[in-house]
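Working notes for the structure below.
The values are calculated or read from the model by the stated rules, or taken from the named source; none is laboratory data. The structure displayed is predicted, hence computed values, not measured ones. Backbone-built Cβ (ideal geometry, glycine too); neighbour counts: all protein chains shown. Just so you know, the surface numbers come from the protein's heavy atoms only, side chains and all, with ligands and any DNA or RNA stripped out. Shrake-Rupley method; radii C 1.70, N 1.55, O 1.52, S 1.80 Å.
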Amino acid sequence: MSAKRRKMKRLGKREVVMRLLAGILAFFCSGLQVLGVYPLVPAFYAGCVVEKKRNLLVYLGMFAGIGYFMPVGAAVKYGFIILISGMAIHLYRWANRKCSSVTAALLAGGITIVMDCSGLLFASIEYREAVIGLSEGICVFGLTVLFRYLSGMGMEMSKILMRRSRLLTPSLQGQEVALDTQGKLRAFAEAVDGLSAAFAVSGRRQSFSGDESVAVLEREITGKLCASCEGCEVCWQEKGGTLSVKIHRMLMAVIAHSPKEEILKEKYMEDCPRYSGMVEEAIWAFSRMELNEAWYKRLQENRLVIASQLDAMADALQDWDRGNRSLDKESRLLLMRIGFEVQEKGLVAENVHIFEDEKGRRSIHAMVRSKWGGGIPSRNYRLALERATGLALRLQQDARTILTQDPVSLAAYEDTCYDILTGTAFEKQEGSAISGDNASMFFLEDGRYFICLSDGMGSGPAAGRESDMVVDLMEKFMTAGFPVDTAIRLMNSAMVLKGEDDSFSTLDFASIDLYTGELELTKIGAAASFIRHGSEVCCIPGGTLPAGVEASAAQGAAHAKLVNGDFLVMVTDGVLEYLHVKNPEEKISEMIGMIETDNPSVLAEKLMEHVMLFTGGHALDDMTVIAAGIWEK
């Protein structure tokens, strides 16, 4: 028998047992009498009919109990209550594609009260009977909610136990053992880190100093020219000391890149018959030495770049190895509540998992679908999760708006404490068709908002391509999950390898944690940035060399704490360079403080207008202003 057929057989047996128990419970519920009424009958029926599962045994057990335990009048009454309650619940579910336990309880309790008090229309009833009828309706309401909660939680618990048993039961068909993913990542990170160290150390070669280069050249030309000369022995015996000094002076002139004619004119060795040949040989040997030295230097730089990339990859792997911690095992009760609350919204959540990151923030991942067809807003799923967990949550950015019976993967994250809005203003250089500045603003599900601004060298298409590459690489690295410093190192090393035409770009990269308001600002060759807090404006100085100049670019990051109403203003160097003032950073700070607005777009546009007034309305370079405002939710 195949594994699938065995699974279906186990599920069939479980379903039969559950239905049989429900039928037996329905029979005994029909016999429980309190003050002459039977509140468990409509309550149990309403709790069962919400599930929309046709269980013939429940009907048989309930009607058998009604016929066995109740007098004829009570049997007719509760038969009508069951019939009308069932029709009302089915009609409500058909119209709304959902029916919560509270709604079913209201319908069952209200119909019970109406049936108990309907005698008022035809005959007078005692006050005691009216109170009992009202109390029965309230009791039916409470018992329906209780039955539905217990049955729903029981079903969710059985799902969790079945899932756990499937994970713990080994397959008899030789199922593959799950790999230790975390251990593999850790070992791979250590291997890559070792390879990085090997690349950084291997191939190191000490450069020659001036005296060492002279010694090498002297050995080469004397061994080649003097050794083949007939007067070599006589010359070196009579003038050995002075000849060595003369050769040294001549080689120093060669190393100083003196012209050949000038070296020949000086006649450092006037008595040597092969002086001109010696000069030519020295110049050729030194040019070859310089070429070899340049190749060795380039090779070493490439090794350092590769070592930097491998080191960054090792850091990223170690970061991924820490990963998110699963809370499924210690949160079984919470998983049950999630399943129940989601069903109350007319949805079904399968394969639900709860994770916690290194900062203690939780996320919930599940396959979600509509329970009874139609379309249900995904907002209902978020509300169900919030009710179950007691946390303020947000769904993933690309979540579907409407959920159907086709399962979709949905992730919900703890909601951030802050919202952020941005505004931009651009001016391209006069006479240039394309700006050399590029920017990108994006949000990651871990609650961080990023602003990436790059200024290509010069203006026009070439500068635009360079800065666009910087922005694109940073966005891809961050979206892939790399830490900020690792992403910057990888981007910079890629620009070093590419930068053959000496075209470089700046990088101004801001990371804002929307949970805490923490700002991390990294600058590589970028202009100063500014933070406006109320009426005060502080300046964050610019960086040093642009991206791609050195393999090991300095990555000193500035840190600040943003609070409600603060603004971050980032600019390219074109905004500062042509203000024609002694301290452009101070002037920009003054301009930002003068602009009274809480709109980031207005702040960016007004600042650009102020700058253009100082430049006489001319854009002498590409200019970009980005303003970002942060507010508490």
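Give me the percent relative contact order of segment 390-429, please, defined on Cα pairs under 8 angstrom at least 6 residues apart. If you can, show how the numbers build up before the last one.
Working: 20 pairs, mean separation 18.4, N = 40.
Reported relative contact order: 46 percent.
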Q. Once amide H atoms are placed 1.01 Å from N in the peptide plane, what residues at a sequence separation of 5 or more from residue 393, or on another chain, have their amide H within under 5 Å of its amide H?
A. 415
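Excluding residue 116 itself, calculate the net charge of residues whose Cβ lies under 9 Å from the Cβ of residue 116, where each Lys or Arg counts +1 and each Asp or Glu counts -1.
Working: positive: 77; negative: 129, 136.
Result for the local shell: -1.
Could you order peptides 437-443, 369-375 by the average number of other Cβ atoms within 10 Å of their residues, highest first?
For the peptides 437-443, 369-375, the packing ranking is 437-443, 369-375.
How long are the three semi-axes of the equivalent ellipsoid for segment 381-451, computed from the Cα gyration tensor as the root of 5 times each eigenvalue, in whole Å, largest first? Spell out each step's value before the answer.
Values: eigenvalues 288, 51, 15 Å².
Here the semi-axes work out to 38, 16, 9 Å.
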Q.
Give me, ordered by chain and number, the residues 5 or more places off residue 328 or on other chains with an amide H under 5 Å from its own placed amide H.
A. 354
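First select every other residue whose beta carbon is under 15 angstrom from the beta carbon of residue 590; then total the charges, Lys and Arg +1, Asp and Glu -1. Let's see the in-between values first.
Numbers: positive: 532, 582, 587, 606; negative: 536, 585, 586, 596, 609.
Charge balance in the 15 Å sphere: -1.
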Q. Going down the table (561/606; 523/587; 476/523; 523/561; 359/561; 428/606), which pairs top 23 Å between alpha carbons?
A. 561/606
Q: Would you pull out the residues with amide H under 5 Å of residue 526's amide H, same chain only if 5 or more places away, H placed 1.01 Å from N?
A: 507, 543, 544
Q: Just grab the label-to-label distance for residue 128 and residue 533, each label 7 Å out from Cα along the Cβ direction, in nm (one decimal).
A: 7.5
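Lys and Arg at +1, Asp and Glu at -1: add these up for the other residues within a Cβ distance under 10 Å of residue 505 and post the number.
Numbers: positive: 465; negative: 437, 455, 466, 468.
Residues near residue 505 contribute -3 overall.
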(Q) Just to make sure I understand: if all protein chains stay in place, what is the order of 455, 398 by accessible area at 1.4 Å, largest first? (A) 398, 455
Q. For segment 572-587, what does the Karplus curve 6.51 cos²θ - 1.76 cosθ + 1.60, with θ = phi - 60°, yield as ³J(HN,Hα) per residue in whole Hz, taken in order and with x for Gly and Pro?
A. 8, 5, x, 6, 8, 5, 10, 7, 6, 10, 5, 10, x, 4, 5, 5
Q | residue 330 paired with residue 563, simple spin-label distance in nm, labels 7 Å along Cα-to-beta-carbon | A | 3.4
(Q) Can you compute 3J(HN,Hα) from phi for each residue in segment 373-387, using the Karplus curve 6.51 cos²θ - 1.76 cosθ + 1.60 with θ = phi - 60°, rounded to whole Hz and x for Gly and Pro? (A) x, x, x, 10, x, 5, 4, 5, 5, 4, 5, 5, 5, 5, 5
Q: Determine how large the accessible area of residue 533 is when every protein chain is in place; take a 1.4 Å probe and give Å² rounded to the nearest 10.
A: 90
Q) For residue 87 and residue 398, what is the calculated FRET efficiency with R₀ set at 51 Å and r taken between the beta-carbons, to the nearest 0.05? A) 0.80
Q) What list of ³J(HN,Hα) couplings, whole Hz, do you get for segment 606-618 from phi and the Karplus terms 6.51, -1.76, 1.60, once you set θ to phi - 60° and write x for glycine and proline? A) 5, 5, 4, 5, 4, 5, 5, 5, 6, 9, x, x, 10
**Q.** Accessible solvent surface per residue of segment 329-433, calculated while the other protein chains remain in place, 1.4 angstrom probe, Å²
**A.** 48
